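One structure is given below, encoded as structure tokens.
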Amino acid sequence: MPLNTQVADALTKEQEKDLVIRCQDGDKRAMEALILHYQHWVYNIAYGMLGNREDASDMAQEVFLWLWENIGQFKFRSRFSTWLYRIVTNRCINLKDQKKRRQTDPTEIDDSQPWVPIDTETPEKSVLRLEQQEILQKALGELKDDYRKILVLREMQDLSYEELAEVIGCSVGRVKSKLHEARKVLRELVLQFS
Amino acid sequence: MSHKRIQNQLSAYLDDQLSPENRARIEAHLNTCDECVEMLSDFRRNRQCFGALKHEAPPIADLVLPQLSDRGPVRRRLLPSAEEFRRWFFRPVTGGTFAVVSACLLFALVYLNLTPTSDDSLDLYLSEHTRYSVYSTRSEDANDSIDLNGAQSTTNVEEDTDFLLEVFLGE
Ligand SMILES: [Zn+2]
């Protein structure tokens, strides 16, 4: 399935910087270009972190609205994309914490949706594959946020170790060991649910 | 390299993050260890499964763009607003510093007698005024042969001085 997410690779550092500067000056057309460029990335990271489409869509919108107001905070100390991914993942973790707190309140009705298989999957895709995905989704639900974050960014978004280090805020060495730990824990969970 | 150490590098191996030597070592171990082979294949399968979660996003841009405020991003201002200045000034650090500096200044003025007294300025004024008046009458003298005018001028200076002194002291 050709995804528009691939387009993001085509944006050079200079083009990205130019767009961000124009956004900081209040240029809505530049913002539009930035949203079109990053919407699939931001949405899919949110989907990987939150586990359902509706929340992911809400989160992506919220992130871009926040970005429009606060893009002046970006100081070009890192790549814009890694800054954006840090914002998305952190906000997703905050949202999950809020939901968790609300769930402990017995008067609140739990209306959060469980992981659902992707309905865009074509019918010819094997039942086995869907089963595997369901198991993965269940396992992800049990994974702690730190591990989920690094796995979403690496396995779904294919970020390099250097980019991961920037987003997470640690050394490349730490990325290496953390990713290994996360994969091991996920593997055990998947085996458990199989 | 031990089985355990090899296992800890399987993730990096999957991501092609190892040196050619390490890579070769791991591959040699994989030929002999089923446990490591299994782990690696699970890692690989989970990664593929993860990748398949990715899908086309809904039209986020269409939803967001009409909601963007016309005000635009918060701009960096060169000068702080009155409220920001008030808050800055009333911080304990700024307020405290200001209080200490004011106290030192007050102490210096009162005890070190740095402030000019009213007598000094009055003296200065009177002497300057007298000097000016006397000087101007003398220059008039030079053009005038009548001595009486000179005496008259001196009286005027004294009267002026008395008058100014009264005005100054508010009498
Ligand atoms: Zn082994």
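The values are calculated or read from the model by the stated rules, or taken from the named source; none is laboratory data. Everything numeric here is computed off the predicted structure, so don't read it as measured data. So basically every Cβ, Gly included, is an ideal-geometry build from the backbone, and we count neighbours across all protein chains shown. These area figures cover heavy atoms from the full protein model, side chains too; ligands, DNA and RNA do not enter into them. Shrake-Rupley method; radii C 1.70, N 1.55, O 1.52, S 1.80 Å.
Of note:
- Residues in segment A:139-183 that, when all protein chains are in place, have 30 Å² or more less accessible area than the chain alone would give (probe 1.4 Å): A:R154, A:E155, A:M156, A:Y161, A:K176, A:H180, A:R183
- Segment A:38-92: relative contact order as a whole-number percent, Cα under 8 Å and 6+ apart: 43 percent
- Gain upon complete extension [B:N8, B:A103; 0.36 nm per residue less C-alpha separation]: 27.6 nm
- ³J(HN,Hα), Karplus 6.51/-1.76/1.60, whole Hz, each residue of segment A:66-80, x for Gly, Pro: 5, 4, 4, 7, 10, 5, x, 6, 6, 10, 6, 7, 9, 5, 4
- Spacing of the two label points (7 Å from each Cα toward its C-beta) at A:V185 and A:R29, in nm: 4.7 nm
- In Hz, Karplus ³J(HN,Hα) per residue of segment B:26-37 (6.51, -1.76, 1.60; θ = phi - 60°; x = Gly, Pro): 5, 4, 5, 5, 4, 5, 10, 10, 5, 4, 5, 4
- Legend: P(r) of segment A:7-107 from all alpha carbon pair distances, 5 Å bins from 0, whole percents, reading 2, 12, 23, 22, 18, 10, 6, 3, 2, 1, 0.
- Of interest is the spacing of the C-alpha centroids, which for segment A:70-93 and segment B:12-72 amounts to 21 Å.
- Peptides ranked, highest mean first, by Cβ atoms within 10 Å: ranges B:21-29, B:35-43, A:50-58, A:36-44: A:36-44, A:50-58, B:35-43, B:21-29
- Amide H to amide H distances under 5 Å link B:Q9 with no residue, where only residues 5 or more positions off or on other chains count and H is placed in the peptide plane.
- The A-B contact accounts for approximately 4600 Å² of buried accessible area, totalled over both chains at a 1.4 Å probe radius.
- Per residue of peptide B:41-51, the mean number of Cβ atoms on other chains within 10 Å of the residue Cβ is 6.
- At R0 = 41 Å, FRET efficiency that the Cβ-Cβ distance of A:R129 and B:D70 yields, to 0.05: 0.30
- ³J(HN,Hα) computed for each position of segment A:85-94 - Karplus, 6.51 cos²θ - 1.76 cosθ + 1.60, integer Hz, glycine/proline x: 5, 5, 4, 4, 5, 5, 5, 5, 5, 4
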